[in-house]
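To start, the structure itself, in structure tokens.
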Amino acid sequence: MSNNGRKIKSDWNLIGTPMRKVEGLDKSTGRALYTDDLVFPGMLHGKILRSPHPHARIVSIDTSSAEALDGVHGVVTGQDMPTTYGIIPWTPDEYPLCVDRVRYVGDGVAAVAAVDEDTALRALELIEVEYEELPAFFDPFEALEADGSTPYVHEPKKADWNGNVTKKVHLEFGEVDELMDGSDAVVEGEYFFEGSTHTAIEPHCAIGLWQAGGGFQRQDGESSGKLTVWSATQVPHYLHRELARVLEVDQAHVRVLQPLVGGAFGGKSEPFDLEFCVAKLSMITGRPVKILYTREEVFYAHRGRHPFHMKYRTGATAAGKLTSVDAEIVLDGGAYASFGLVTTYYAGQLLCAPYEMPAYRFDSTRVYTNKPACGPKRGHGSVQPRFAFEVQIDKLSERLDLDPIEFRRLNFIGSNTRTINELRVTSNGFMECLESVERESAWKDRFRKLPFGCGLGVAGSTYITGTNYPIYPNDMPQSGVQMQVDRSGRVAVFSGASEIGQGCDSMVAYIAAEELGVPLDYVRVLRGDTDFTPVDLGAYSSRVTFMVGNAAIDAARKLRGMVQEAVAEEWDVKPGEVLLAGGLALWAPDTERQMHVKEAFNLAEAKFGTLGSTGSYNTPKDVHGEYRGATIGASPAYSFTAHVAEVEVDVETGIVDVKKIWVAHDCGRALNPVLVEGQMEGSAYMGFGEALMEEQVFKDAEHGRAGLHDAPSLLDYRIPTSLDTPELQSLIVESIDPEGPYGAKEAGEGPLHPSIPAIANAIYDAVGVRMDRLPFSPPNVWRALEAAREADTLRKPILNPGAGAPTSTPELVPGD
């Protein structure tokens, strides 16, 4: 899996070179500890009783038999934690355990703590819950049209909304209808993106420990204590806040620790019921309590990709310039809001690059249904519309007899500009991405020229490098880092960043080693502890490299300045002439003059006292417009990506074999190209899996017990194995962002987006059949092929020999 993209020569010693991950050896040898590996004296095991109904009132709960069972130490219900929570402060609609109503199969009703899991499970069987079943909503359009004759999923949020609406967004930029009417070509399409889930290998796990007393006295005179929660979370800081608020514990007495996390992809980026339950059960029992989700519980906890129902109208001139884009989107959100307010905006706001749009309008509505809540999955909110729009572009390119790559070039938005919805774009390597995939795939020699059943498809995209604003409004830094230098030469980095496998611990270690000139193995990263590390908001929205990286540089350069000044004074030279590199302090005019970095650090400590520093990063505030919703989608920088996919389609079975995906990604600067390639390939893999296999679907009343998950296990829920995965070729493009750390931008989510539409467009090139609904599974593809056979349209698109583009397409009709 090679890298043949555009690489910028680095002036740095470590940055830009292949390096190991600092925790890699621990993980590969089994020494790494995850939450479920932790065991404490007297620890109890908890389990959560879950609703068997998709929608029902709780009439009564009797826990007396469970409480009397030998080995049970505590039982809690919703009445013990009657405060709603939610990751978005404006939509807290979820209780730690249901208080009066359950809203999906799997909703938590009660929790127990016992001496072991078997006893806890027996206790759950003894809890008696009386339900009054209510009509359930499974179809988002039926939920949207509900008139209140049966109970909504939630109470209405606005007078003119029904209670099944989470959020509505309508935004319009430019003269959409006028430019659409004046277009030389208009393509309309309806698309469906099926929901999918994260399938992280590590299930959710949490441990709560309440330590009463400790000499603390609350203002009301009551004894206080300290709550510690270990959790496999992506957002320790937000979890810390919600635990304190819901459980009514002083924030200063709450501590959240994040052990290593075995994958997340967005699925652990908000608080969950188990974290509140272990905390409350520990407060009741006085002993540590652990809850580990089963795999089935992970599927029901969900918070994965929303199913999107999308309609698009896209116009262009005869010369291939986009004129107008009009979108209508309905999001199936499941039972709770989660990140849904943001998702509803992202569905439209993040579509406006890398192409210039003179006019754009989108209507998006998120609807509650009685299914597990959807939330953020890798590429949050923008993967689904990108699929539809990139297929729209492919259709327009064909309508206009233009090569699809050339069409994208013609509409390139450029660098240092603003999108139609006023988002600031700085560096932009999209043209180089297109050039890379075009060259490496031999596109010009093979597009529309492969045998029937074989095809190539292209797609592009953009994604945020962190959200410009925190989830709760405040003016404080989004990320902070502390560094401390020891007399031995060792450097300690205290980072609140969330290591979920993406390499953020390694990233801050690389920066410390680069800036202070120490060997990488001299750097220790101490992380994941809200008591001892500065605040970082979490691992979401591809924010960590940009924000934590800039904070780390800030801290390290303050220390470097002190060391340079102390050494310069010793040598009687200028501080700017002192270099720190390779474990040495060196004089730039004559590098034979040098000392070990340990000696340099000791000189600095003698001059300045104990060596430590802090660094922080906050985002610029001039990167968006002033209209309502303008801040959602705003980012300090954007990454850009282009993919070409090659497929073979078996027209007898509907099996699509993706042979290879070329992945070109503009990451600003690749701080460690090995990690960047890993993120690019992992993203493309995940997109490939969603395109061909994944379906987070539930039974309805006609097909079994309503609301049950169709396949809540890794045996039945299909994701690609290593044997299924196509060849992936990573092509790193470095645009060097002016505000990123050493010019870096994100690489963890953006490279997913184009995989799906590139595969869809490749299927069309192979057999002339459009796949506008996901997944492209054998049954779905076979049905599309059969429909094409019946319509006598099953044939490969052909080329116009003069233009290198198809001719077997409808004639150009103004306004069509």
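Within segment 173-194, the set of residues being outside any loop (DSSP other than H, G, I, E, B) and open to solvent by less than 90 Å² (accessible area, probe 1.4 Å) comprises 173, 176, 177, 179, 180, 185, 186, 187, 189, 191, 192, 193. Scan segment 19-32 and tell me whether some residue there is of a type outside the set (A, V, I, L, M), closer than 30 Å to residue 736 by Cα and open to solvent by 40 Å² or more (accessible area, probe 1.4 Å). Yes, segment 19-32 has at least one match. Residues in segment 523-536 that are modelled with pLDDT of 95 or more and either in a loop (DSSP other than H, G, I, E, B) or in the same structural domain as residue 252 (by TED's automatic domain parsing) (or both): 530, 531, 532, 533, 534, 535.
Residues checked against (1) part of a loop (DSSP other than H, G, I, E, B); (2) modelled with pLDDT under 50; (3) farther than 30 Å from residue 719 by Cβ; (4) in contact with a Leu (Cβ under 7 Å, 6 or more places away or on another chain):
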site: 780; (1), (2), (3), (4): no, no, no, no
site: 783; (1), (2), (3), (4): no, no, no, no
site: 786; (1), (2), (3), (4): no, no, no, no
site: 793; (1), (2), (3), (4): yes, no, yes, no
site: 797; (1), (2), (3), (4): yes, no, yes, no
site: 803; (1), (2), (3), (4): yes, yes, yes, no
site: 810; (1), (2), (3), (4): yes, yes, yes, no
site: 814; (1), (2), (3), (4): yes, yes, yes, no
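When we screen 414, 501 for residues that are of a type outside the set (A, V, I, L, M, F, W, C), open to solvent by less than 50 Å² (accessible area, probe 1.4 Å), part of a loop (DSSP other than H, G, I, E, B) and not assigned by TED's automatic domain parsing to the domain that holds residue 530, the only hit is 414.
Within segment 417-446, the set of residues being in contact (Cβ under 8 Å) with a residue 60 or more places away in the chain and assigned to a loop (DSSP other than H, G, I, E, B) comprises 419, 420, 421, 422, 423, 426, 427, 428, 429, 441.
So is residue 673 over 25 Å from residue 340 (Cα atoms), buried (at least 24 other Cβ atoms within 10 Å of the Cβ) and at pLDDT 95 or above or not? No.
Per-residue answers, yes or no, for (1) open to solvent by less than 10 Å² (accessible area, probe 1.4 Å); (2) of a type in the set (D, E, K, R); (3) part of a strand (DSSP E or B); (4) touching a residue at least 40 places away in the same chain (Cβ under 8 Å):
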| position | (1), (2), (3), (4) |
| --- | --- |
| 450 | no, no, no, yes |
| 456 | yes, no, yes, yes |
| 470 | no, no, no, yes |
| 476 | no, no, no, yes |
| 488 | no, no, no, yes |
| 493 | yes, no, yes, yes |
| 509 | yes, no, no, yes |
| 521 | no, yes, no, no |
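Residues in segment 546-586 that are in a loop (DSSP other than H, G, I, E, B) and open to solvent by less than 10 Å² (accessible area, probe 1.4 Å): 583 alone.
Of the set (1) hydrophobic (A, V, I, L, M, F, W, C); (2) open to solvent by 20 Å² or more (accessible area, probe 1.4 Å); (3) in contact with an Asp or Glu (Cβ under 8 Å, 6 or more places away or on another chain), all apply to residue 431 but (3). Of all residues in segment 131-148, those that are free of Cβ contacts under 8 Å to residues at least 60 places away in the same chain have Cβ atoms under 7 Å from Cβ atoms of residues that are not in a helix (DSSP H, G or I), 6 or more apart or on another chain, in 146/137; 146/152; 146/162; 146/164; 148/162. Applying the selection to segment 397-410, what residues are touching a strand residue (DSSP E or B) at 6+ places or on another chain (Cβ under 9 Å) and farther than 8 Å from residue 320 by Cα? 398, 399, 401, 403, 404, 405, 406, 408, listed by residue number.
Please find, among 58, 87, the residue that is in contact with an Asp or Glu (Cβ under 7 Å, 6 or more places away or on another chain), more than 27 Å from residue 376 (Cβ to Cβ) and either part of a loop (DSSP other than H, G, I, E, B) or modelled with pLDDT of 95 or more (or both).
58
Here 735, 730, 722 are screened, and the one residue that is open to solvent by less than 30 Å² (accessible area, probe 1.4 Å), among the small types (Gly, Ala, Ser) and assigned to a loop (DSSP other than H, G, I, E, B) is 735.
Among the conditions (1) open to solvent by 20 Å² or more (accessible area, probe 1.4 Å); (2) part of a loop (DSSP other than H, G, I, E, B); (3) out of contact with any Ser or Thr (no Cβ under 7 Å at 6 or more places or on another chain), the only one that residue 775 does not satisfy is (1). Just so you know, in segment 152-171 the residues that are open to solvent by less than 40 Å² (accessible area, probe 1.4 Å) and in a loop (DSSP other than H, G, I, E, B) include one that is farthest from residue 134 (Cα to Cα), and it is 161.
Given the residues 227, 274, which is the only one that is part of a helix (DSSP H, G or I) and in contact with a His (Cβ under 7 Å, 6 or more places away or on another chain)?
Every option except 274 fails the conditions.
The values are calculated or read from the model by the stated rules, or taken from the named source; none is laboratory data. Nothing here was measured: the structure is a model prediction, and the numbers come from that model. All Cβ positions, even for glycine, are placed from backbone atoms using ideal geometry, and neighbour counts span all protein chains on display. Ligands, DNA and RNA are stripped out before the accessible areas are found, and what is left, the full protein with its side chains, is counted by its heavy atoms. Shrake-Rupley method; radii C 1.70, N 1.55, O 1.52, S 1.80 Å.
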